[in-house]
Amino acid sequence: MAKEKVIVVMPAYNAASTLERTINDIPPGSVDEIILVDDASRDNTVDIAKRLGLTVVEHQNNLGYGANQKTCYGLALSKKADYVVMIHPDYQYDSRLINSAIDILRLGVCDVLLGNRVRTRKECLASGMPLYKYLANRFLTIIDNFALGQNLGEFHSGFRAYRRGVLETIPFHNNSDDFVFDAQLLIQAVHFGFTIGDIPIPVRYFKEASSIRLWRSVIYGLQSLGVLTVFYLHRLGLIKSPLFNPKQPRVNDKI
C-alpha cells in the first residue's frame, strides 16, 4: 500500500520572527512537505522559509488571508496530499501535535480536526489573550455550536487538519478572501456532512504573534454570523448560495 501523503500548509504574512520556531516544533518525519504561501510580506519571511527548505509560493500583492488559504489548499491537492494540516506560522499554535491530529484522521474518527486553545478561562487570560477576544471567541463558538448542532471547544482556530476528501468536496474557491474564510469552511464542512472534532492545544499570546485588532474582530464576528444566516437560508431553499453547491473541477487548482 502506498504511503499516505501529509502536507502542512502555512498562510504567511510578516512571520519572520516566529516561522523558524513553528517549523522546529514539527515532529521529524511526520510530514512529507511544508508549503508556505507568502502574502506579500514586508519582512524577510520568504528568505527564512527558503533557508528552511520549505516549498514557497509568493503572492505579488497582498490578496488577503482567505485568498492565501485558497492557494495553500489548491497547491496541496495538486500535490496529491491525503491529509492537509493548516497551521499559522506565528507560533500561536503548537505544531508538535500534528502527528496526533493526523492519527485521528487516519482512524476515521473525524474528517476535520481543530486545535482547541480554550481549555479554561484562567489559562486563556493568563496567556495574554485579550479579554475581548476571549469573550468574542466564547460567544461565537456557542452560537456556532447551537446553530450547527456541534459541540466544539473552539470554532476559530488557526490549527486545522483535513482529510483530502473534505477539500475536494468543499467549494472553497467561492469563499471570501478575508478572515471569514475560516468560518465559511467549517460551516461548509457541516453542510456537506463531514465530521468535525478537536484536540486540546496550549494557548499562546505574545508580542510577535499575529492578531487582528478590535474593530477587525467585530467585523469578523458579524461576517461569521452572516454566513450562518446564509447557511440557513440556503437550507430552507430561499436562496442558492455558491458556498454550498458541490465543488466544480477547476483547471487552476494548482495555485
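Here is how the numbers come out for the structure above:
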{"read-out": "Theoretical FRET efficiency, 1/(1+(r/R0)^6), r = Cβ-Cβ of R204 and Y232, R0 41 Å, to 0.05", "value": "0.75"}
{"read-out": "Nearest-20 debye value, the range 96-192 charge dipole, Cβ charges on Lys, Arg, Asp, Glu", "value": "440"}
{"read-out": "The chain: DSSP helices with Cα axial extent of at least 24 Å and average Kyte-Doolittle hydropathy no lower than -1.0", "value": "131-148, 214-235"}
{"read-out": "Leading residue at positive end of dipole, the range 79-175 (Cβ point charges), from Y91, G115, A161", "value": "Y91"}
{"read-out": "The chain shape via C-alpha gyration tensor axes, a/c threshold 1.5", "value": "rounded"}
{"read-out": "Share antiparallel - DSSP beta bridges, the chain, percent rounded to 5", "value": "30"}
{"read-out": "Separation between Cα centres of the range 133-160 and the range 81-128, rounded to whole Å", "value": "14"}
{"read-out": "Sequence-distant aspartates and glutamates (8 or more away, or on other chains) whose Cα lies within less than 20 Å of K133", "value": "D90, D94, E123, D144, E154, D178, D182, D198, E208"}
{"read-out": "Extension gain from E4 to F139, taking 0.36 nm per residue of separation minus the Cα-Cα distance", "value": "44.8 nm"}
{"read-out": "Unit charges at the beta carbon, dipole of the chain: most positive-side option, G29, F146, I187", "value": "F146"}
{"read-out": "Normalised alpha carbon radius of gyration of the range 1-110 [divisor 2.2 N^0.38 Å]", "value": "1.03"}
{"read-out": "Total charge dipole magnitude, the chain, about the Cα centre, Cβ charges on Lys, Arg, Asp, Glu only, Debye to nearest 20", "value": "340"}
{"read-out": "Straight-distance crosslink candidates among lysines, where the alpha carbon sits under 22 Å from K247 and sequence neighbours closer than 8 are dropped", "value": "K70, K79, K80"}
{"read-out": "Candidate aspartates and glutamates for bridging to K5, where Cα separation is under 13 Å - those fewer than 8 sequence places away on the same chain excluded", "value": "D32, E33, D82, D103"}
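Every number here is computed from the coordinates shown, using simple stated rules; none is lab data. The structure displayed is predicted, hence computed values, not measured ones. For neighbour counting, all protein chains shown are included, and Cβ atoms are generated from backbone atoms with ideal geometry for every residue, glycine included.
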